[in-house]
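Inspection log for the structure reproduced underneath, given as structure tokens.
Laboratory data are not the source of any read-out in this text; all were calculated from the coordinates shown. The shown structure was predicted, so the numbers you read here are calculated from the model rather than taken from an experiment. Note: ideal-geometry Cβ built from the backbone for every residue, glycine included; neighbour counts use all protein chains shown.
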């Protein structure tokens with residue numbers, strides 16, 4: 001059981017974005033997809049969601065291709081949260097979250113009790129239950145991001161792919177979203193999240209996949225992937241490390257410059 005990307009290569013506008021990437025997302029884990037700007041993280045996530053057809057390679061969903069599954073079955077199996085929180089929909093918050101239940105609807109069928117339960121749970125999990133009757137245009141950027149995450153959670157798919165869900169959120173809601181994603185994985189879903197915050201990636205993710213210039217350069221536990229050498233070569237930073245309450249932390253501390261000592 002997994003989403004498996006095999007030998008993925010993508011070229012857009014004549015430029016190679018991804019080269020020969022192999023990556024699997026398994027049920028019950030929170031996988032962090034990290035790397036510098038332009039590394040290919042969003043492109044890989046879209047390929048894994050079935051939204052982009054790679055020039056080479058294939059993506060399998062529990063052993064089946066997207067074509068074999070069909071669009072509606074794939075939408076029930078994989079929930080995707082796109083990057084960016086802007087929306088011009090003149091819809092209420094509850095109506096937006098209700099869209100997450102569309103893959104489960106039968107032709108001419110109305111909302112079921114399962115739909116209502118999933119919507120209420122998603123609104124509560126993302127701390128937007130009190131916004132139900134408000135329209136999206138009345139919300140802040142961070143609030144809209146939480147509503148769109150609630151829509152993705154309402155699908156109740158076995159796999160959740162989230163592209164920078166922390167963008168625009170204050171520190172409290174960043175922590176709450178990461179805790180929510182970890183709980184979602186602990187309930188059995190496979191969750192992959194694109195992150196730029198290496199501190200949160202180290203603390204919350206079970207496994208990290210590090211992209212650089214379109215290639216997967218490391219995969220494993222946060223402590224193994226974000227060693228000092230890769231922090232210097234890929235991110236050009238030096239970090240502080242430690243543990244608190246039994247969890248590791250990593251704090252990017254300064255830019256790594258030629259001739260500068262690594263020790264802090």
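Taken over the alpha carbons of the range 129-178 as equal point scatterers, the Debye sum produces base-10 log I(q)/I(0) values at 0.13, 0.17 Å⁻¹ of -0.31, -0.54. Counting only alpha carbon atoms, the long axis of helix 113-125 and the longest principal axis of the chain meet at about 40°.
Calculated [222 nm] ellipticity per residue, helices only, for the chain: -8500 deg cm²/dmol; basis is -39500 (n - 2.57) per DSSP H run with n ≥ 4, divided by all residues, nearest 500. Would you mind checking the tilt of helix 141-154 against the longest principal axis of the Cα atoms of the chain, expressed as 0 to 90 degrees and rounded to 10? Rounded to the nearest ten degrees, it is 70. Result for the chain in a Gaussian network model with C-alpha springs under 10 Å: among 156, 29, 247, the largest mean-square fluctuation is at 247.
The modelled label-to-label distance between residue 224 and residue 140, using points 7 Å beyond Cα along the C-beta direction, is 4.0 nm.
When the chain is treated as a GNM with alpha-carbon contacts under 10 Å, the residue of 162, 239, 185 showing the greatest mean-square fluctuation is 239.
Dividing the C-alpha radius of gyration of the range 104-194 by 2.2 N^0.38 Å, with N its residue count, gives 1.11. Compared with the dominant Cα axis of the chain, that is its longest principal axis, helix 171-186 is turned about 80°. For the residues 224, 75, 154, a GNM of the chain with alpha-carbon springs under 10 Å puts the largest fluctuation on 224.
Considering only alpha-carbon pairs that sit under 8 angstrom and 6 or more positions apart, the relative contact order computed for the chain is 24 percent. Rg ratio for the range 122-251: its Cα radius of gyration over 2.2 N^0.38 Å, N being its residue count, equals 1.15. The calculated FRET efficiency for residue 64 paired with residue 124, based on their beta-carbon distance and R0 = 41 Å, is about 0.80.
With R₀ set to 30 Å, the beta-carbon distance separating residue 172 from residue 2 gives a calculated FRET efficiency near 0.35.
Note on residue 133/residue 72: beta-carbon distance plugged into 1/(1 + (r/R0)^6) with R0 of 25 Å gives a FRET efficiency of 0.25. Stokes-Einstein diffusion for the chain at 37 °C, viscosity 0.692 mPa s, with a Kirkwood radius from C-alpha pairs, works out to 170 µm²/s.
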